[in-house]
1. Give, rounded to the nearest 20 debye, the magnitude of the charge dipole that segment 33-115 has about its Cα centre when Lys and Arg contribute +1 at Cβ and Asp and Glu contribute -1 at Cβ.
2. Once you wrap a convex hull around the alpha carbon atoms of segment 69-115, what is its projected area averaged over all directions, in nm²?
3. How are the C-alpha pair distances of segment 35-79 spread across 10 Å bins, as whole percents from the shortest bin up?
4. Using a 1.4 Å probe on the protein heavy atoms, what percent of the accessible area of segment 37-115 belongs to carbon and sulfur?
5. Whole number in Å², please: accessible area per residue of segment 40-115, 1.4 Å probe, ligands, DNA and RNA not counted.
Amino acid sequence: MARKFLYFFIVSFLICTSCANRNSGKENQRNETEIQKGDEIVSATCTNKDGITLKQTFNNTHGTCELELNGERIELKQERMASGIKYSNQHYVYTNWHGETRLFKDGELIFSHDD
């Protein structure tokens, strides 16, 4: 009896996890497809004097920016500026003006790069 229960548990677990993985793959595929449907995407990277790299992906169609710093993914919305660019969310502010890139977290400068 215990053997049948264990067999049932293992089969149920495998079915549930395979369905979850299949769905997450479809979701990722859908998101990539949505981005590629004509959105204007610009990607760049910059490395500061300490060797830390900031990866930047701008979706100019939607006015969004995705940054990756030290393995952390940060999503920001564009703010209108007369000169330069600025993206922000509740905790982060990203600016680039005349080749000076700055990223602030809760008002503290956490990344800086000058061209």
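The values are calculated or read from the model by the stated rules, or taken from the named source; none is laboratory data. These numbers come from a predicted model, not from an experiment. Every residue, glycine as well, gets a Cβ built from its backbone with ideal geometry; the counts of neighbours run over all protein chains shown. What goes into the accessible areas is simple: the full protein's heavy atoms, side chains included, and nothing from ligands, DNA or RNA. Shrake-Rupley method; radii C 1.70, N 1.55, O 1.52, S 1.80 Å.
1. Using Cβ point charges on Lys, Arg, Asp and Glu, segment 33-115 gives about 120 debye.
2. Computed as one quarter of the Cα hull surface, the answer is 3.5 nm².
3. 26, 50, 21, 3
4. Percent of accessible area from carbon and sulfur atoms in segment 37-115: 45.
5. Accessible surface, normalised per residue, equals 65 Å².
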